[in-house]
Amino acid sequence: MKTKIAILALIIFSVIGCKKHKPTEEKDLTSLEQLTTGNERFLNGKSVHPHQNKKTVLANQDGQKPFAVVITCSDSRVSPEIVFDQGIGDLFVIRNAGNLISDIDMGSIEYAVEHLDSKLIVVLGHTECGAIKAYINDKDGSYKKHFNHIDNIVETISQEKEEIDADKTTPKATNYLGAINANIVHSVKLIQDNPIVKEHQVKIVAMRYDVHTGKVVQL
């Protein structure tokens with residue numbers, strides 16, 4: 001009898017234990033939830049560094065199926081796999097200064113959506129962005145005098161409708177965070193208008209990373 005009771009207790013404990021941990025399993029989370037919970041782990045010092053081993057390398061050697069596309073800045077302080085606590089094969093990351101959307105970047109997005117079946121696209125801007133600072137500090141189009149490729153970045157940002165509208169409301173010199181958000185929203189709108197993205201009904205989310213805290217917020 002004691003043996004039967006012990007076995008029954010073990011079964012009950014196992015079931016309860018499974019139910020307790022089930023909500024945190026990635027398979028039960030949406031793509032967006034996987035990113036947000038990953039950032040929570042990162043913030044709390046509880047990163048699990050998933051899919052970062054030789055086994056994962058071998059599992060993905062013949063193909064990839066990233067659950068999310070992340071368009072973000074080249075800034076060395078902003079690494080999606082780290083701040084979202086993800087690993088090999090999880091994220092299709094596109095990076096450039098200012099998280100801008102050129103034809104090449106858009107083509108990369110289309111590839112991830114059409115051929116890799118990614119169902120979530122995140123535009124991840126960040127605080128202390130050098131590209132946005134260059135735009136804010138530019139006086140009367142002085143960037144055009146430099147004749148280098150950095151000028152192209154500043155010019156692209158200065159021509160974004162969202163930046164122009166934001167500047168009309170609050171002068172850019174005193175609206176640094178607003179300029180960052182406007183830049184993120186501009187990229188989101190460009191992606192939303194893409195026919196392939198529309199056809200595949202992909203979710204698009206605007207996010208901002210804080211380099212001072214490590215926290216990602218949704219706009």
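The values are calculated or read from the model by the stated rules, or taken from the named source; none is laboratory data. Treat the numbers as computed from the prediction; the structure is a model and nothing was measured. Every residue, glycine among them, receives a Cβ derived from its backbone with ideal geometry; neighbour counts consider all protein chains shown. Heavy atoms of the whole protein, side chains included, go into the accessibility calculation; ligands, DNA and RNA do not. Shrake-Rupley method; radii C 1.70, N 1.55, O 1.52, S 1.80 Å.
Structure above, values below:
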read-out	value
Charge dipole of the stretch 60-190 about the Cα centre (unit charges at C-beta), most positive-ward option of Ser74, Ile94, Val154	Val154
Coil-residue trypsin sites (Lys or Arg not before Pro) of the stretch 83-176, DSSP, other Cβ within 10 Å capped at 14	Lys139
Carbon/sulfur fraction of accessible area - the stretch 38-166, other protein chains in place, 1.4 Å, %	53
Spin-label zone in the stretch 114-134 - amide nitrogen under 13 Å from a point set 7 Å from the Cα of Val211 along the C-beta vector	125-134
Per residue solvent-accessible surface (Å²) - the stretch 162-219, probe of 1.4 Å	53
Accessible surface, the stretch 73-146, averaged per residue in Å² (probe 1.4 Å)	42
The stretch 83-179: radius of gyration and largest Cα-Cα distance (Dmax), Å	15.8, 44
